[in-house]
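These notes concern the structure reproduced below.
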Amino acid sequence: MELPQMPELMGLSLLVGLLALMATAAVARGWLRAEEERNSRPVRQKENTSKKSESKKQKQHQRIRKEKPQQHTFTHRLLAAALKSHSGNISCMDFSSNGKYLITCADDRTVRIWSTKDFLQREHRSMRANVELDHATLVRFSPDCRAFIVWLANGDTLRVFKMTKREDGGFTFTATAEDFPKKHKAPVINIAIADTGKFIMTASSDTMVLIWNLKGQVLSTINTNQMNNTHAAISPCSRFVASCGFTPDVKVWEVCFGKKGDFQEVVRAFELKGHAAGVHSFAFSNDSRRMVSVSKDGTWKLWDTDVEYKKQQDPYLLRTGRFEEASTMPCRLALSPDTHVLALASGTSIHLFNTRRGEKEECFEQVHGECITDLSFDITGRFLASCGDRAVRLFHNTPGHRAVVEEMQGLLKRASSDSTRQRLQQQLTQAQEALKSLGALKK
């Protein structure tokens, strides 16, 4: 028997060894790959989790941005404060007769009451009253500051809220059981309560003005015959109700009550005639002896209304000023308590005029992110308040201080007694110091 040759045996063993080595290397490579995958899996999971959380945060931020639009920013050297608590646009505001509070309403279904003593503080706290299943478009304090009325946007009616003071100094707000009955057929443009507390006025954009008692009964219906109403108001003395609109005049009626306080009638009193186009708005002075109006003819007019209208005496025109913006867009106005300053708002800007000289003294542009919806001086005349977006902005009334300086300087020249001169000099010094502190004293 022949044995195989040595070279052939060696070649066969080498081939078997090479195959075994290759198989071992393949197994080792597979094991290493499995280990790498096992180690990298937590990292991938971590990356996926962080990506998911980042996208979740981005979505949340986007949702917040959608829900809360960016607040309009405004700065000015005469800006005293900005009241920011509403989450919706503010449509109306009113100062209380005692000067302690400012009330505002917005489309966020809330009414807020602010303390005027906090105006110059860093923080501005407010008390909130909720308007259930609706929101208020107009709001007014009662004369005794124990209640307020609102006009409901969806309900198209008047609602009364009573204010009960708590031991901690706050208030509890309670809506009365029933709202006023629906009477208006067109959108309501203004509401008011007489300072005597005897009646309430509501006016709509057609030609209707209603006089109500406090129980929700209509005492009288006034047809203004002005094609449409743009504004209506009650005089601070509570004797008169006035309206303006498409026609170039302001019509004034007297609301008459008997000696026992019982309602009698509404009679035509007088008219402000002199404009060449429709009237946007008007206002009474605090003593009801002056009125101011602004018209589409591009002018504003100051009137002396302290007349005996029953003897056919007409109001006197005291001053006419130019305001070109009124000829192209709707305007709102406010008259300072002493009648020295007229504030006119058009769009998002406010213009302040000296009524003695008819000159423009200040202009605030782009005050709000939306068109200005209301404008009012506080009862002291120190501040002018405006609203239009989610904030109320308060301005120092520097034209008012300047008017006092001019008036006191004129009176000092004619003063005959030392006591009168001393009193006038004190008022002059106070006005000058106020202007100096605001950097508005003219040298």
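Summary table
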item: Pairs where the first residue, in segment 343-370, is farther than 22 Å from residue 70 by Cα and open to solvent by 40 Å² or more (accessible area, probe 1.4 Å) and the second is assigned to a loop (DSSP other than H, G, I, E, B) and not aliphatic (A, V, I, L, M), C-beta under 7 Å, 6+ apart; result: 356/340
item: Unique match (being small (Gly, Ala, Ser), touching an Asp or Glu at 6+ places or on another chain (Cβ under 7 Å) and over 24 Å from residue 115 (Cα atoms)) among 388, 369; result: 369
item: Set 98, 130, 154: member being touching a His at 6+ places or on another chain (Cβ under 8 Å) and open to solvent by 20 Å² or more (accessible area, probe 1.4 Å); result: 154
item: Number of positions in segment 225-237 that are of a type in the set (S, T, N, Q), modelled with pLDDT of 95 or more and within 29 Å of residue 258 (Cβ to Cβ); result: 2
item: Test: residue in segment 240-253 that is touching a Leu at 6+ places or on another chain (Cβ under 9 Å) and either more than 18 Å from residue 204 (Cβ to Cβ) or among the polar types (S, T, N, Q) (or both); result: yes
item: Residue 174 outside any strand (DSSP E or B), hydroxyl-bearing (Ser, Thr, Tyr) and either out of contact with any Phe, Trp or Tyr (no Cβ under 8 Å at 6 or more places or on another chain) or open to solvent by 10 Å² or more (accessible area, probe 1.4 Å) (or both); result: no
item: Residues within segment 199-219 that are open to solvent by less than 10 Å² (accessible area, probe 1.4 Å), farther than 11 Å from residue 231 by Cα and β-branched (Val, Ile, Thr), tallied; result: 2
item: Matching residues in segment 418-443 - criterion: being among the small types (Gly, Ala, Ser) and open to solvent by 40 Å² or more (accessible area, probe 1.4 Å); result: 419, 437, 439
item: Any hit, segment 222-239, residues being outside any strand (DSSP E or B), more than 22 Å from residue 105 (Cα to Cα) and of a type in the set (Lys, Arg); result: yes
item: Segment 131-159, subset without any contact (Cβ under 8 Å) to a residue 40 or more places away in the chain and not in a loop (DSSP other than H, G, I, E, B), residue nearest to the chain's Cα centre (by Cα); result: 152
item: Enumeration of residues in segment 310-327 that are touching a Ser or Thr at 6+ places or on another chain (Cβ under 8 Å) and either assigned to a loop (DSSP other than H, G, I, E, B) or of a type in the set (D, E, K, R) (or both); result: 315, 319, 322, 323, 325
item: Residue satisfying condition, being farther than 17 Å from residue 438 by Cβ and among the hydrophobic types (A, V, I, L, M, F, W, C), within set 350, 372; result: 372
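The values are calculated or read from the model by the stated rules, or taken from the named source; none is laboratory data. Model, not experiment: these values are computed from the prediction. Cβ sites come from the backbone with ideal geometry, for glycine too, and all protein chains shown count toward neighbours. Side chains included, ligands, DNA and RNA excluded: accessible areas come from the protein's heavy atoms. Shrake-Rupley method; radii C 1.70, N 1.55, O 1.52, S 1.80 Å.
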